[in-house]
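Student: The structure's right below; bear with me while I get my questions together.
The values are calculated or read from the model by the stated rules, or taken from the named source; none is laboratory data. Quick caveat, the model's predicted, so the values are computed rather than measured. Cβ placement follows ideal geometry from the backbone for every residue including glycine, while neighbour counts extend to all protein chains displayed. Ligands, DNA and RNA are stripped out before the accessible areas are found, and what is left, the full protein with its side chains, is counted by its heavy atoms. Shrake-Rupley method; radii C 1.70, N 1.55, O 1.52, S 1.80 Å.
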Amino acid sequence: MNSNNNKGLLGGIRILDLSDEKAGFCTKLFADLGATVIKVENPGGDSSRKKGPFPAGAADSENSLSFYYHNTNKFSITLNLECPEGRQLFLKLVKRMDVVVDSFEKGYLEALGIGFEALRKTNRALVLASVTGFGQKGPRTGYKSCDLVASAFGGQMYVTGDPSSQPLKLHGEQPYLTASLFAAIGILLALRRKDRTGKGDFVDISLQEAVVSSLEHVTQRFFSDKTISGRRGRLHWDSLFYVFPCKDGFIQMTLFENWETLIEWMDGEGMAEDLVQNKYKNISYRRDHVDHIVAVMGKWTATHNVLDLFKLGQLMRFPWAPVQSPKQILNCPQLKERRFFDNIENPEEGGTRKCPGPPYKFSTKFSIPHRGAPRTGEDNIQFYCKELGFSMDELKRFLDEGII
């Protein structure tokens, strides 16, 4: 496959991806928009290939569903950065790149002699983005980190869960995804600067800072009135929404919007109880008695099906929403109409594998390639032989000596 793929909005941008799951989503965003992203793996394969889930009966390094999702449309080469000749190959590749993304511990690349200052001597216009637990400076720079550590240190875990129980982590690896989004923005800004000045830049992304930056009301309330937000469970932090049980699932509903219309509806079914009293028309009173309101409304919602409440509520312009399962999301008519899910080739199983697509649409028409995640070292010949000019005999020597 031609690595110089100029299709897509980011066609022509070339990236070396040295990251693990901390920043894999960042480089996926670029690859899915047409950039040439080359994932650099240790000989034998990247450690993230061992991370599940795996399809039933296929728990091997080439079948990780997590790796597959985070590496669509990328290329793969193997390279041992810890041997001198491997570093020389790396520098040859760097000369041809716009961006390098890594998620190594601080100082790792510098110890190998290929930190940012060394790389910019090879390629003055290079952008290096580094995603680490705590960034490149500070007393905790060298601390070990992961998704859970970032969630805890960033304050996200403190406000997640039920008020009566211990803090909980969010689903998936939200700190990694958030940091990846910030890294992608930082890289695009650095590339814009490079276009103006011809100079590259170093983008330093901290997982902890990425989490803190997305806490919104938690930090805002503390800065404004020293309020320490706590865990609210199914209740919105400002008591605006609550997740109620229904006959066949759960629905998120507003508690205070269009109050009189809602109470009239409930009362028409004989289930409004004392919420019809005038004192509940006062929003301050409702906030002070939100637990009672939730209890009464919960008995009412439990007599309805989710979709019935959702459709009727939306007809009355209530911003209500069903709490959808993955199966319901896959069959969601809105997502189907917008063709959100992509069918991407899957050579391992044959046929295609369904994956979420990019959450943006453009009026400009361009072709985004649909290529599954690469096998380990699948593109060694493409980049070492066809691009750098090494012979097949030299490639075999690299393989035999553990250089690639």
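Student: Please give the calculated 222 nm ellipticity per residue for the chain, where each DSSP H segment of at least 4 residues contributes -39500 (n - 2.57) and the sum is spread over every residue; nearest 500 deg cm²/dmol?
Tutor: Calculated at 222 nm, the ellipticity per residue is -9500 deg cm²/dmol.
Student: Multiplying the sequence separation of residue 324 and residue 65 by 0.36 nm and subtracting their Cα-Cα distance, what value in nm do you get?
Tutor: Stretched fully, the residue 324-residue 65 segment lengthens by 91.1 nm.
Student: Further, regarding this structure: Most mobile of 63, 258, 343 per a Gaussian network model of the chain (Cα springs, under 10 Å)?
Tutor: The residue with the greatest mean-square fluctuation here is 258.
Student: Sticking with this one: In nm, give the distance between the simple-model label positions of residue 111 and residue 267, each being 7 Å from the Cα along the Cα-to-Cβ direction.
Tutor: Rounded to a tenth, the inter-label distance reads 7.1 nm.
Student: Here's another thing I want to ask about it. Cα centroids of segment 270-335 and segment 64-95: how far apart, whole angstrom?
Tutor: So the separation of the two Cα centres works out to 51 Å.
Student: Over the chain, with a Gaussian network built from C-alpha contacts below 10 Å, which listed residue (151, 64, 284) shows the highest mean-square fluctuation?
Tutor: Its mean-square fluctuation being the largest, the pick is 284.
Student: Hydropathy at least -0.5 by Kyte-Doolittle, axial extent at least 27 angstrom from the Cα trace: which helices of the chain, defined as entire DSSP H runs, fit?
Tutor: Taking the DSSP H segments of the chain (at least 27 Å long, mean hydropathy at least -0.5), we get 174-197.
Student: Can you send over the solvent-accessible area of residue 83, 1.4 Å probe, protein chains only, in Å² to the nearest 10?
Tutor: The accessible area of residue 83 comes to roughly 30 Å².
Student: To continue, here is another question. Taking a 1.4 Å probe, which of 241, 30, 153 shows the most accessible area, and what order do the others take after it?
Tutor: Per-residue accessible area, sorted high to low, gives 153, 241, 30.
Student: For the chain, go through all pairs of different Cα atoms, get the mean of 1/r, take its inverse, and jot down that Kirkwood value in Å.
Tutor: Mean inverse Cα-Cα distance, inverted, gives 24.3 Å.
Student: Let me ask you something else. Under the definition of Cα pairs under 8 Å and six or more residues apart, what whole-number percent is the relative contact order of the chain?
Tutor: Answer for the chain is 19 percent.
Student: For the chain, set up a Gaussian network in which alpha carbons nearer than 10 Å are linked by springs, and say which option among 120, 192, 375 fluctuates the most.
Tutor: 192
Student: With each label point set 7 Å from Cα along the Cα-Cβ vector, what nm distance links residue 381 and residue 82?
Tutor: 3.0
Student: Tell me the Kirkwood radius of segment 269-345: reciprocal of the mean inverse pair distance over distinct alpha-carbon atoms, in Å.
Tutor: 15.5
Student: What accessible surface, in Å², does a 1.4 Å probe find on residue 203, ignoring ligands, DNA and RNA and rounding to the nearest 10?
Tutor: 20
Student: Please list, by residue number, every one of the trypsin sites (Lys or Arg not before Pro) in segment 4-46 that is coil in DSSP and has at most 15 other beta-carbon atoms within 10 Å.
Tutor: When the trypsin sites (Lys or Arg not before Pro) of segment 4-46 are filtered for loop state and at most 15 Cβ neighbours within 10 Å, 7 remain.
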